[in-house]
Amino acid sequence: MLARWGIRLGTSLAGIALGILLSSAALSKFSVNATAVVEASILFWIIHIAVQVLALRVLVRQPSIALAGLLALASTIVSLIIVNAVVSGLVINGLQTYVLATLIVWVTTSVSDIVARRMIKARAATR
């Protein structure tokens, strides 16, 4: 169980960091320095989990797959806004940049979740 949690944590943080780096490379109004990537990834992960748990437990009684995807997008943009306000080496300017960065980070975190599930499944199959 601890190994599964470690796999999920590691792939999630890698997905967030990759999303931040891709956003910085692809978007001219998104910039980040090396230290901020680490800080932003950790803070983003904490905020993202907190927002999702809060929304699922308090706001949504019976989540559907579509609602879960919408909630993931909403928690991603909320997390980016908070991380941008807190982490000094991360700068996001403009609504369009926020929207595009949200999509990039959402895609990379979704892919990292799929990778984590496959790694956990493969690990369980070898036991």
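The values are calculated or read from the model by the stated rules, or taken from the named source; none is laboratory data. From a predicted model like this one, the values you see are computed outputs, not experimental measurements. Positions of Cβ are generated from backbone atoms using ideal geometry, with glycine treated the same way; all protein chains shown enter the neighbour counts. For accessibility, only protein heavy atoms count, side chains too; no ligands or nucleic acids. Shrake-Rupley method; radii C 1.70, N 1.55, O 1.52, S 1.80 Å.
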- Task: Quick one: in the range 21-40, of everything that is among the hydroxyl-bearing types (S, T, Y) and under 14 Å from N93 (Cα atoms), which residue is surrounded by the most Cβ atoms within 10 Å (Cβ to Cβ)?
- Result: S23
- Count of the range 88-98 residues which are surrounded by 13 or more Cβ atoms within 10 Å (Cβ to Cβ) and assigned to a helix (DSSP H, G or I): 2
- Item | Residues satisfying the stated conditions in the range 49-59, i.e. surrounded by 13 or more Cβ atoms within 10 Å (Cβ to Cβ) and either more than 20 Å from L13 (Cβ to Cβ) or modelled with pLDDT of 95 or more (or both) | A55, L56
- Out of curiosity, is V115 touching an Asp or Glu at 6+ places or on another chain (Cβ under 9 Å), in contact (Cβ under 8 Å) with a residue 40 or more places away in the chain, closer than 30 Å to S28 by Cα and surrounded by 14 or more Cβ atoms within 10 Å (Cβ to Cβ)? no
- Residue set L43, L18; condition open to solvent by 50 Å² or more (accessible area, probe 1.4 Å), of a type in the set (A, V, I, L, M, F, W, C), within 14 Å of the chain's Cα centre (by Cα) and at pLDDT 95 or above; output residue L18
- Being part of a helix (DSSP H, G or I), touching a His at 6+ places or on another chain (Cβ under 7 Å) and either modelled with pLDDT of 90 or more or open to solvent by less than 70 Å² (accessible area, probe 1.4 Å) (or both) narrows T76, T102 down to just T76
- A85 vs. criteria open to solvent by less than 80 Å² (accessible area, probe 1.4 Å) and assigned to a helix (DSSP H, G or I): no
